[in-house]
Structure formats: structure tokens, C-alpha cells
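Q: Here you go, one structure.
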Amino acid sequence: MKFSEEQLKKVEEMISHYPEGKQKSALIPLLHYTQQQNGGWLSAEAMDYVAELLKITSIEVYEVATFYSMYNLQPVGKTVFEVCQTGPCMLRGSDDIVAYIYEKLGIKPGQTTEDGLFTLKTVECLGACGYAPMMQLGPDYREHLTKEKIDALIAEGKAKAN
Amino acid sequence: MSEQKQLFKVTIDNITVEVEPGTTILNAARKIGGDVTPPAMCYYSKLKDSGGKCRTCLVEVAAGSTADPRPMPKLVASCRTTVMDGMVVKNITSDRVTDARNGVVEFLLINHPLDCPICDQAGECHLQDLSYEHGKGASRYEFKRRTFDKHDLGPYIQLHMTRCILCYRCVYTADQVSKERRHGVLSRGDHAEIATYIEKSLDNDFIGNVIDVCPVGALTDKTFRFKNRVWFTKPVDAHCNCDKCSGEVQLWMRGDEVLRVTARKDEWGEVKDTTKGEPGWICNTCRFERKKISDWVIEGPSQVSRHSVISQGHYVGMKKPNETVAKVMGGRDPKLLMNIKDVSEVNQVELSEIKGPATSQVFKQLKKGN
Amino acid sequence: MGRKLLLEKAHVEGIRHYDVYRREGGYRSVEKVLKTMSPEAVVEEVKKSGLRGRGGAGFPTGMKWSFLAKPEGVPRYLVVNADESEPGTFKDRYLMEFIPHLLIEGMICASYALGSNRSYIYIRGEYWWVKEILEVAVQEARNAGFLGKNILGSGFDCDIFVQPGAGAYICGEETALIESLEGKRGNPRIKPPFPAVKGLWGCPTVVNNVESIAAVVPIVNEGGEEYAKLGTGKSTGTKLISACGNINKPGVYEIEMNISVEEFIYSDEYCGGIANGKKLKACIPGGSSVPILPANLLLKTAKGETRMMTYESLSDGGFATGTMMGSGGFIVMDEDQCVVKHTYTLARFYRHESCGQCSPCREGTGWMEKILLKIDQGKGSMSDIDLLWDIQRKIEGNTICPLGDAAAWPVAAAIRHFRDEFEWHVTNPSEALVRNYGLANYAKPLEIAAPTA
Ligand SMILES: Cc1cc2nc3c(=O)[nH]c(=O)nc-3n(C[C@H](O)[C@H](O)[C@H](O)COP(=O)(O)O)c2cc1C
Ligand code: SF4
Ligand code: SF4
Ligand code: FES
Ligand code: FES
């Protein structure tokens with residue numbers, strides 16, 4: 001893995017947010033960026049490259065990447081439904097949403113459809129409890145979910161793949 | 001004028017001791033020694049930043065200081081709390097401490113495999129000692145114990161993750177002693193584990209010291225010959241002329257065979273200072289390669305009085321080995337989490353009767369005599 | 001209608017951008033502070049305002065600022081805590097999303113008061129679009145000369161950076177947040193030393209919640225004393241409450257701390273009553289970690305007084321019969337909700353979010369989750385309820401950081417007030433799978449204990 005000039009400029013900009021010598025602080029934003037540039041997940045090779053960019057050891061990167069829940073350490077489907085299941089969302093029917101996705105796509109939390117298009121994950125509170133049930137879809141939230149909205153999101157995911 | 005340093009008076013379980021400002025409660029208690037010393041599973045005096053994590057060393061501060069004698073509302077980690085002048089601490093005299101410590105020990109054990117019979121650490125395991133004193137008769141945990149994927153750390157060090165208590169000592173050791181770290185704590189919460197992520201062997205010249213700091217049998221010596229139970233072996237102090245470390249070690253011998261080489265430990269189970277006054281970390285060559293008696297100059301039996309239920313028998317020390325478990329326990333009633341008597345062979349043989357090196361022949365004879 | 005100090009202008013068209021925000025009177029406080037006040041005077045105003053930290057602990061902000069160590073030649077830092085991950089809480093997101101310049105304005109004043117030339121907003125990674133909104137707003141403020149070198153010719157330099165997290169509730173704990181901002185795992189530090197002495201990169205640091213910092217703007221504009229006139233007693237000013245669960249109007253409300261809990265739930269100005277005409281069963285009024293209360297204890301204190309939406313009134317009765325204001329995450333449950341199941345989801349949350357450093361939290365949270373699931377699935381026994389109680393008791397107070405307490409309290413309170421519902425699950429396992437325990441006596445008025453003289 002190697003970044004282009006343009007990508008490296010972005011890295012430099014991230015590092016500029018911190019005082020001299022504190023470039024390790026850029027690790028979390030840089031891992032987000034690398035994941036985004038690497039098809040949605042972090043391979044060991046990608047993490048080693050990040051270590052090199054920040055002049056830290058690989059283990060420091062692995063320790064961080066495995067700590068935070070937003071980093072994918074395995075390849076994921078093209079569309080990832082991350083449905084919140086914590087108390088407040090549960091009160092508003094998040095279980096039904098998970099069940100409905102299973103009914104439509106045949107995947108349970110943690111699974112990916114055979115065609116690799118969809119992955120379903122359950123996650124903990126995303127700070128949208130008042131707009132429950134909800135899910136994270138890429139960088140966005142989808143709130144006030146209903147069966148109709150799930151149908152639309154599945155159609156959208158399929159259209160994106162074509 | 002003489003430079004008299006002002007000392008702080010601190011009272012622990014009704015015993016008063018004077019220590020330098022900046023001393024932790026735990027180290028003040030170690031100065032007193034004996035039962036008033038809280039057990040420490042994660043703190044390690046020779047590792048910066050260690051401590052605070054396992055919570056076995058919690059104590060009650062009944063009075064903060066002479067100036068402000070209010071008690072501290074919560075129990076505090078004695079390994080990370082410094083004393084104040086006039087502080088009053090309760091350890092074994094506090095019911096709250098006993099209650100909390102029993103809880104901590106139970107937490108440490110719910111996911112522990114309890115595989116002492118096949119563990120190389122058995123007999124010198126701090127968790128075993130602790131569960132002996134604080135464990136409950138039977139586990140209240142009825143769920144499946146946690147398991148981990150296997151990780152290979154190379155030719156020298158064996159990792160049994162299920163036994164790990166995440167004390168972080170091995171992480172600090174790699175950072176501070178070997179100055180090169182390839183392993184670390186990965187994942188979080190109850191999935192956290194010691195690993196390298198992608199398989200890498202740990203082979204830095206000083207990385208073997210992680211074995212000595214590990215309080216349980218999570219990191220053990222792959223080159224330990226014959227996988228002998230430690231209580232069948234006799235520790236002797238020995239040295240060699242080593243160009244990497246002090247060469248001052250402890251050999252674990254059976255007859256004339258060197259089964260294992262470790263650093264020398266003090267009464268708290270920590271690596272001792274060398275005769276030159278430096279921390280006695282040893283190099284991999286001494287630990288893993290020098291397994292012939294001719295590699296070493298033997299100084300004599302190790303002089304240690306370690307606060308351990310099982311391993312006391314084979315040290316020659318100030319304290320005479322006790323004959324029965326009850327005596328070692330100082331009259332306290334040991335609540336066994338599991339019956340170590342049943343699972344280990346140790347009590348079938350009276351260790352204190354063994355004179356000279358403990359060879360398997362001696363054992364066989366003694367066993368017959370039973 | 002109560003006064004609004006933070007969200008009054010949040011829905012003015014285009015307020016997200018500098019021009020409109022400025023036209024509506026924005027950044028006046030920065031001008032006032034930089035041109036007419038010393039840093040100490042700003043701290044003094046905040047002290048006078050009685051502002052209490054809005055992140056959960058309710059510690060007086062002015063006092064916290066005055067503890068900041070000021071060694072010569074060492075930089076100091078202000079870090080805004082926008083990690084907002086406590087279930088039930090989504091108020092900071094609302095403020096940042098709709099009126100981001102209010103936070104930036106407050107940060108400039110606070111940075112000046114604390115002497116921070118480089119301040120950070122640590123925002124949870126999932127709020128990615130909010131992060132982008134903030135970055136635009138910071139750039140606009142920079143372009144307008146409110147950030148950068150020598151702001152308004154005052155000689156004060158300040159810049160703001162937005163730092164994303166990556167999914168970890170524990171990074172809301174201030175020392176875990178600092179570790180994370182240093183590019184590490186979010187393991188809370190062992191205190192002391194406190195951040196006010198040794199924080200970010202070993203320098204003195206203040207960590208404050210988004211809402212606390214935003215409140216500095218009206219405090220500076222109107223003066224601390226004026227601010228303190230709003231609210232009740234030591235609960236001064238306004239508070240953002242994020243309401244969710246089974247109510248008609250979930251959302252974020254700015255309340256003056258002088259209304260009752262009943263008014264907040266039932267008035268059309270706020271939650272608009274329980275959804276679908278159902279009855280109120282229970283409520284967790286301050287984010288998932290504060291004690292749950294049954295309807296009867298929620299609306300009236302054990303002494304029979306009306307419970308108010310203030311720090312003092314919510315915590316009246318201690319943990320025996322009271323709860324806490326916490327972060328203002330107001331979770332309402334109707335008569336059809338199961339307290340056991342809800343508690344289980346919270347236990348699962350805390351197990352998932354434990355950093356794993358200390359044994360009671362790492363091991364205890366998972367154990368509680370397993371037992372709660374067992375009871376919820378009708379496989380529990382009576383002794384499991386006692387065991388659960390014992391486990392939470394052994395976690396509480398014995399951990400490195402308050403996440404251990406946060407995990408223990410919801411379980412303790414659920415058993416304390418809803419023990420019969422737990423027991424019903426044990427004694428009626430098959431029924432418990434198909435229906436809920438229902439309202440039972442939880443809304444029945446309590447007998448008032450005779451006042452002890
Ligand atoms: C586990 C845990 C999570 C926390 N999460 C947050 C959070 O998301 N946002 C927040 O402002 N404070 C949070 N806090 C409180 C902070 O540690 C800290 O007290 C607060 O940011 C101080 O700001 P304030 O004084 O303005 O309230 C959390 C505390 C703990 C123990
Ligand atoms: S492997 Fe041993 S030394 Fe390392 S963290 Fe686990 S118990 Fe501690
Ligand atoms: S209480 Fe939990 S979250 Fe806090 S330090 Fe301990 S393990 Fe980590
Ligand atoms: S509980 Fe689902 S967003 Fe908070
Ligand atoms: S030894 Fe003090 S907490 Fe582990």
C-alpha cells in the first residue's frame with residue numbers, strides 16, 4: 001500500500017493539528033482515512049503503512065485499531081447496516097428492524113449476504129435515541145426506521161452495486 | 001547541618017511505620033511485611049506506570065492525614081496511592097477490604113481455566129496463592145469460560161491466554177526492559193488479549209523477562225526441560241560471565257540437570273537487584289541457552305522467604321518451611337476454590353524432609369514411605 | 001414558556017453559517033472578553049453563574065477552571081468533550097448540528113480564560129457529518145478573524161481542531177479521552193494526577209462538555225449574576241434535555257430548571273405525554289447510568305414533594321428513592337415495557353464498552369449481562385437475583401474509572417425498585433416469554449412516610 005502525493009498531503013494536514021513531535025495523535029483520524037481509501041477495512045498491510053507514516057511501531061497501530069468499534073479488520077459488504085439495539089432504541093422496536101432485515105436478506109447480525117452486497121451488524125447507542133429505531137449507514141444515520149424505509153434502503157444498496 | 005529528610009508516619013493495621021514522602025501505601029506495607037501487606041497482582045516496583053489495574057491491593061483509608069483526618073470514601077489501590085503524614089490505613093483489619101478483595105479474586109477466577117495441574121506456574125502462581133486465601137468454596141459462575149484463538153510467540157515463550165489476568169506487566173517490560181515491543185493488548189473489555197496481531201516471534205535479547213514478571217502461567221518458558229512441576233525442583237543461585245547481562249540467575253535443578261533458568265526473585269516475587277545494585281533482568285542467552293551445569297558457577301541454595309502457600313517448602317530461608325497448610329496460613333481457614341491437595345502431588349510429599357537436591361528418585365522414595 | 005439561552009436561534013434559517021450567526025448577534029461575547037476582560041475576570045463570571053458541568057457529574061465549571069495548574073512556559077489545553085455516547089443522550093449533537101458557531105464562540109472565550117492557544121473538540125466518530133459541519137464553522141470563524149493569531153488585535157492566539165473518535169463510549173471519560181486524543185487506546189488513566197495538572201501530552205488540561213462551553217456565551221453576554229437568576233437554587237440557568245422512549249414528542253428541549261418532571265413529560269411544550277395513550281411505568285431521567293425510578297417515585301419524592309427538573313430534586317432521596325440529573329438523557333418507559341429486558345440491554349452496553357483494564361469491570365459487566373439475559377429468557381432462579389445484586393455491589397466503587405459504577409447503578413436500581421418484576425420472570429418463565437409484567441403497582445401513589453422530627 002502506498003498513498004499518492006495528494007493523499008499524502010491530506011496526511012500532512014492531519015498531522016499539522018498537533019504540536020511538533022505529537023504526530024501519533026493523528027492515528028485515529030488517519031485510520032479512518034485509510035479505511036475509507038482501502039475499501040472499507042483495515043488490512044494488516046494498511047496498518048503497517050500507517051505505522052510507517054506516523055513513525056510509530058505496528059503494534060501501537062494494532063492496539064488502537066482493535067480497540068475502537070468503527071474499524072473493520074475484515075472485509076465488509078458493499079452496504080453495511082449497523083442497527084442500534086440499546087435500551088432506548090429497543091423501546092421503539094429495534095428488534096423488529098433486525099428481524100425484518102433477516103426476513104428480507106436472510107442475514108443475522110454479524111453476517112454478510114452471499115453476493116457480498118449487504119452486511120448486518122448490531123451496534124450500541126449511536127446518540128440518536130430520540131429518532132429511534134435507527135441505523136448507521138456509511139457516514140450517515142438513517143432514523144425513524146420502518147419496514148418501508150428498510151425496503152428502500154435495500155433497493156438503494158442493490159442499485160449502488162450495479 | 002545534617003540533611004534530615006522529613007519522614008511520614010503511616011499506620012497500617014495498627015502498626016506504624018515511617019517512610020519517605022512519595023512512598024505508596026503498598027510499599028509502606030511491604031516495609032512492615034507479613035500479613036498487612038496487600039497482595040499485588042499488577043503492580044511491579046521495577047516497572048514504571050504499572051499498577052492500579054487488578055484491584056487486589058485495595059485498602060481502606062480510615063484517616064487521610066494528620067492535617068485532614070477525614071476518611072476516604074472509596075477503597076483505594078494501595079499500589080498507586082501515596083501516603084500522607086498521619087495516614088491511617090486498614091487492610092486485613094477492614095471487613096470492607098476483605099469483602100471487596102474476595103470479589104476481585106472471584107472476578108479474576110470466573111474466566112480462569114483452573115488448569116493448575118497442567119500449568120507450569122503451579123506452585124509459584126500469585127493467583128493460586130490469592131485464591132487459596134480469598135477464594136470461595138465453589139464458583140458461582142455457571143457460564144462457559146472465555147476462550148481465545150491460539151497465538152504462537154516463537155521458540156522461547158509460550159502464551160496461554162486463558163490464564164492471563166491482563167496485568168499489563170509484560171507490556172511494560174517489553175517497552176522498558178527490552179525496548180522493543182511486538183506484542184500488546186488487543187481488542188477491549190472482556191475480549192482484550194495479549195497478542196501480536198499477525199504472528200510474530202518475540203526474540204529480542206531481553207524479552208524473556210516477560211516470563212518472570214507474569215504473575216500467572218500465561219507466559220511460560222518453552223525451553224523449560226521436562227516440563228517439571230516446580231516443586232520437584234530446587235532453586236540455586238548461580239552466575240556466569242555474560243556480556244549481555246549480569247549473569248546472576250537462579251537455576252531450577254533436578255539432580256545435576258538444569259531444567260530452567262530465571263532471574264532471582266525477592267520476597268514479593270519481583271526480580272531482585274544484582275550485587276551491583278541494578279535491576280536483575282537477565283538476557284535470553286542465559287535464560288534459554290545455558291542449560292548445562294558447566295555453563296554456571298553455583299553459589300548455593302537460593303535464600304528466599306516468599307509469601308506463598310505452596311512453594312515455601314523448597315526454599316532454604318530465614319523461615320523454616322511449615323509442615324501443614326494451616327500453619328502456613330497463620331491459623332486462617334483457607335477457603336479453597338478447588339482442592340489443590342487433590343490436584344497437585346505436592347502434599348503427598350513432605351518437602352521439608354528433602355535434604356539436598358530434590359531428585360525424582362528422592363520423590364519416589366518419599367512417596368513410597370507415605 | 002421558559003427562557004432559552006442556547007437554542008433560541010437554533011432554527012433561524014442559515015444559522016449554521018457564520019454570516020447569519022454573526023448578524024443574529026453571534027461572537028459578541030468574544031469581543032467583550034478580548035477587549036474588556038482579563039482571563040481571571042472571565043473565570044470569575046463563570047463562577048458567579050453557578051454553571052455546573054453538563055457532561056454528567058455536575059461539577060461547578062468555574063471551580064474546575066480555577067484548579068487549572070499554570071506552570072511557567074508549559075502550554076495549557078482546553079478539550080471539549082463531544083463524545084456523547086451515554087444511551088439516552090443526544091443533546092450535544094443537536095447543538096453542534098444546528099448552531100455550531102455557539103460552541104466555537106464559547107470555546108474562544110473559555111480558551112482565553114484558561115490560556116489555551118490550541119483547543120480541541122473530541123467528537124465521537126459516528127457523528128461524522130457533525131464533524132464536517134464543525135470543520136466548516138471553524139474555517140469560517142478563522143476567515144472572519146475570530147480564530148488564528150492575534151484575534152481582534154488582542155494579542156491572544158487561538159486555534160481549534162476537530163478530532164474524531166472511532167467508536168468507544170469510554171472515551172467520554174476525560175482521561176480516556178485524553179489518551180485517545182494522544183493516539184492511544186481509550187484506557188482511563190489512574191488518578192491522581194488529574195488532568196488539571198497533567199493532561200493532554202502531560203500539560204494542564206480542562207475537559208468540558210459541549211453544553212457547558214456553549215453556556216459560557218450567555219454567561220459572558222448577560223453576566224454571571226443574571227444567568228444565576230434563572231433556574232432554582234444551585235441548579236442555575238437552562239439545561240438541554242434529550243427525551244426519548246415511549247413519548248409523543250422525542251427530541252431535545254432546553255428547559256429552565258424550574259419545571260416539574262410531570263410538566264416535562266406531559267406538557268405539549270415538551271414531551272407531549274406518553275405515546276399511544278399508554279401509562280407511564282418508569283423513567284431513567286439522566287442517561288442510562290443513573291438509577292431508574294418507577295412512575296410514583298419519579299413524579300413525587302419519597303417525602304411527597306413534587307419532583308422538579310433540577311439537580312437537587314432529582315437526587316432527592318439519594319439512591320434509595322432518588323436518581324440524578326446526569327447528562328440529561330431522559331428515557332421514558334410505558335406500561336408495556338419490560339424493565340428486565342431494558343436493564344439487560346444496558347448491561348450489554350456496558351460490557352461492550354468496558355475498556356477491560358480493571359478486573360471488576362472487565363469481568364463483572366459480562367457476568368451481569370449473562371445473568372440478566374438468563375432471567376429475561378425465563379431461565380433464571382431467585383438466587384440469580386441475589387447474585388446479580390452481589391456482583392453490582394462488588395463492582396461499584398472498586399474500579400479505576402466511573403464506568404464501573406455506571407454499569408452497576410442501573411442494575412442496582414432495577415432490582416431495588418422492580419424486584420417483583422424480576423421475581424415474576426423467575427416464577428412465571430413461560431408467561432414471561434409472551435407477555436410483560438405490565439404496570440403493576442409502579443404508578444400507584446406511595447404512602448408518605450411521616451416526617452421525622
Ligand atoms: C464512562 C464515562 C463516559 C462519559 N461520557 C461523557 C460524554 O460522552 N460527554 C461528556 O461531556 N462527558 C462524559 N463523561 C463525563 C466526563 O468524564 C467529564 O466529567 C466531563 O466531560 C466534564 O465536563 P463538564 O464538567 O463540563 O460536565 C463521561 C464519564 C464517564 C465516566
Ligand atoms: S500475559 Fe502475564 S504479564 Fe502479560 S498481561 Fe497477561 S498476566 Fe500480565
Ligand atoms: S472501570 Fe471499566 S472502563 Fe473504567 S478503567 Fe476499569 S475496565 Fe476500564
Ligand atoms: S439507543 Fe439507539 S441511538 Fe441511542
Ligand atoms: S497491585 Fe494495585 S491494583 Fe493491581
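The values are calculated or read from the model by the stated rules, or taken from the named source; none is laboratory data. Since this is a predicted model, take the numbers as computed values, not measurements. Heads up, the Cβs are rebuilt from the backbone with ideal geometry, glycines too, and the neighbour counts pull from every protein chain shown. The protein model used for the area step is the full one, side chains on, heavy atoms only, and it has no ligands, DNA or RNA in it. Shrake-Rupley method; radii C 1.70, N 1.55, O 1.52, S 1.80 Å.
Q: Taking the condition at pLDDT 95 or above, out of contact with any strand residue (DSSP E or B) (no Cβ under 6 Å at 6 or more places or on another chain) and not in a loop (DSSP other than H, G, I, E, B), does B:L26 pass? Walk me through it before giving the result.
A: Values: at pLDDT 95 or above: yes; out of contact with any strand residue (DSSP E or B) (no Cβ under 6 Å at 6 or more places or on another chain): yes; not in a loop (DSSP other than H, G, I, E, B): yes.
Yes; evaluated as a whole, the condition is true for this residue.
Q: Out of all the residues in the stretch B:89-103, which are open to solvent by less than 20 Å² (accessible area, probe 1.4 Å), in a loop (DSSP other than H, G, I, E, B) and either in contact (Cβ under 8 Å) with a residue 60 or more places away in the chain or not hydroxyl-bearing (S, T, Y) (or both)?
A: Within the stretch B:89-103, the subset open to solvent by less than 20 Å² (accessible area, probe 1.4 Å) is B:89, B:91, B:94, B:97, B:100-101, B:103.
Filter once more, so that each one left must be in a loop (DSSP other than H, G, I, E, B): B:91, B:94.
Hit for the stretch B:89-103 is B:N91, nothing else.
Q: Here is a follow-up. If you go through the stretch B:62-71 one residue at a time, do you hit one that is in contact (Cβ under 8 Å) with a residue 24 or more places away in the chain and either surrounded by 20 or more Cβ atoms within 10 Å (Cβ to Cβ) or part of a helix (DSSP H, G or I) (or both)?
A: No, the stretch B:62-71 contains no residue that is in contact (Cβ under 8 Å) with a residue 24 or more places away in the chain and either surrounded by 20 or more Cβ atoms within 10 Å (Cβ to Cβ) or part of a helix (DSSP H, G or I) (or both).
Q: Assess whether C:P291 counts as being farther than 30 Å from B:I110 by Cβ, of a type outside the set (D, E) and in contact with a helix residue (DSSP H, G or I) (Cβ under 8 Å, 6 or more places away or on another chain).
A: Details: farther than 30 Å from B:I110 by Cβ: no; of a type outside the set (D, E): yes; in contact with a helix residue (DSSP H, G or I) (Cβ under 8 Å, 6 or more places away or on another chain): yes.
Taking the combined requirement at face value, the residue does not satisfy it.
Q: Turning to a different aspect of this structure: List every residue pair whose Cβ atoms sit under 9 Å apart, with the two residues 6 or more apart in sequence or on different chains, where the first one lies in the stretch B:192-214 and is within 14 Å of chain C (Cβ to nearest Cβ) and in a strand (DSSP E or B) and the second, anywhere, is open to solvent by 10 Å² or more (accessible area, probe 1.4 Å) and within 16 Å of ligand 4 (Cβ to nearest atom).
A: none
Q: Output the number of the condition that C:L298 fails; it satisfies all remaining conditions of (1) in contact with an Asp or Glu (Cβ under 8 Å, 6 or more places away or on another chain); (2) in a helix (DSSP H, G or I); (3) crowded, with 24+ Cβ neighbours inside 10 Å.
A: Every listed condition holds for C:L298 apart from (1).
Q: So, one more: Could you name every one of the helices (runs of 4 or more DSSP H) located completely within the stretch C:49-116 that has at least 2 residues being open to solvent by 10 Å² or more (accessible area, probe 1.4 Å) and within 14 Å of another protein chain (Cβ to nearest Cβ)?
A: On the way: elements: C:61-66, C:91-98, C:100-114.
Output list reads C:91-98.
Q: Do you know which of the residues in the stretch A:55-81 that are surrounded by fewer than 21 Cβ atoms within 10 Å (Cβ to Cβ) and charged (D, E, K, R) is nearest to C:R185 (Cα to Cα)?
A: Checking each candidate, the answer is A:E60.
Q: In addition: Out of the stretch B:104-119, which residues are out of contact with any Asp or Glu (no Cβ under 6 Å at 6 or more places or on another chain), surrounded by fewer than 24 Cβ atoms within 10 Å (Cβ to Cβ) and either polar (S, T, N, Q) or facing chain C (nearest Cβ under 8 Å) (or both)?
A: Of everything in the stretch B:104-119, just one residue is out of contact with any Asp or Glu (no Cβ under 6 Å at 6 or more places or on another chain), surrounded by fewer than 24 Cβ atoms within 10 Å (Cβ to Cβ) and either polar (S, T, N, Q) or facing chain C (nearest Cβ under 8 Å) (or both), namely B:N111.
Q: Within the stretch C:146-163, can one find any residue that is more than 10 Å from chain A (Cβ to nearest Cβ) and within 16 Å of ligand 3 (Cβ to nearest atom)?
A: No: the stretch C:146-163 contains no residue that is more than 10 Å from chain A (Cβ to nearest Cβ) and within 16 Å of ligand 3 (Cβ to nearest atom).
Q: Limited to the stretch C:121-150, what total is found for residues that are surrounded by fewer than 20 Cβ atoms within 10 Å (Cβ to Cβ) and either in a loop (DSSP other than H, G, I, E, B) or touching a Cys at 6+ places or on another chain (Cβ under 7 Å) (or both)?
A: 4
Q: Assuming B:S294 fulfils every condition listed in (1) without any contact (Cβ under 8 Å) to a residue 12 or more places away in the chain; (2) under 27 Å from B:D129 (Cβ atoms) apart from one, which condition is it?
A: (2)
Q: Also: What pairs come up if the first residue lies in the stretch B:10-39 and is within 16 Å of ligand 5 (Cβ to nearest atom), the second is open to solvent by 50 Å² or more (accessible area, probe 1.4 Å), and their beta carbons are under 6 Å apart, counting only those six or more places apart or on different chains?
A: From residues that are within 16 Å of ligand 5 (Cβ to nearest atom), the pairs are B:T24/B:T82.
Q: What number goes with the only condition from (1) in contact with a Ser or Thr (Cβ under 9 Å, 6 or more places away or on another chain); (2) open to solvent by 20 Å² or more (accessible area, probe 1.4 Å); (3) assigned to a loop (DSSP other than H, G, I, E, B) that B:T162 does not pass?
A: Among (1) in contact with a Ser or Thr (Cβ under 9 Å, 6 or more places away or on another chain); (2) open to solvent by 20 Å² or more (accessible area, probe 1.4 Å); (3) assigned to a loop (DSSP other than H, G, I, E, B), B:T162 violates only (3).
Q: Based on what the data block shows, is B:H134 touching a residue at least 12 places away in the same chain (Cβ under 8 Å), away from ligand 2 (no atom under 15 Å from the Cβ) and away from every other protein chain (no Cβ under 11 Å)?
A: Yes: the conditions hold for B:H134.
Q: What is the number of the single condition among (1) within 22 Å of the chain's Cα centre (by Cα); (2) away from ligand 1 (no atom under 13 Å from the Cβ); (3) within 21 Å of C:F156 (Cα to Cα) that C:W65 does not meet?
A: Going through (1) within 22 Å of the chain's Cα centre (by Cα); (2) away from ligand 1 (no atom under 13 Å from the Cβ); (3) within 21 Å of C:F156 (Cα to Cα) one by one, C:W65 breaks only (2).
Q: Only one of A:L42, A:L53, A:L73 is assigned by the TED database to the domain that holds A:I28, farther than 30 Å from C:N248 by Cβ, more than 16 Å from ligand 5 (Cβ to nearest atom) and part of a loop (DSSP other than H, G, I, E, B); which?
A: On the way: A:L53 fails: part of a loop (DSSP other than H, G, I, E, B); A:L73 fails: assigned by the TED database to the domain that holds A:I28.
Just a single option satisfies the conditions, and that option is A:L42.
Q: Determine whether the stretch A:83-92 contains at least one residue that is under 30 Å from B:T196 (Cα atoms), of a type outside the set (V, I, T) and surrounded by 20 or more Cβ atoms within 10 Å (Cβ to Cβ).
A: Applying the first criterion (under 30 Å from B:T196 (Cα atoms)) to the stretch A:83-92 yields none.
No, the stretch A:83-92 contains no residue that is under 30 Å from B:T196 (Cα atoms), of a type outside the set (V, I, T) and surrounded by 20 or more Cβ atoms within 10 Å (Cβ to Cβ).
Q: Same structure again: Show the residue pairs meeting these rules: Cβ distance below 6 Å; 6+ apart or different chains; first residue within the stretch C:138-156 and free of Cβ contacts under 8 Å to residues at least 12 places away in the same chain; second residue open to solvent by less than 60 Å² (accessible area, probe 1.4 Å).
A: Cβ pairs passing all conditions: C:K149/C:D157.
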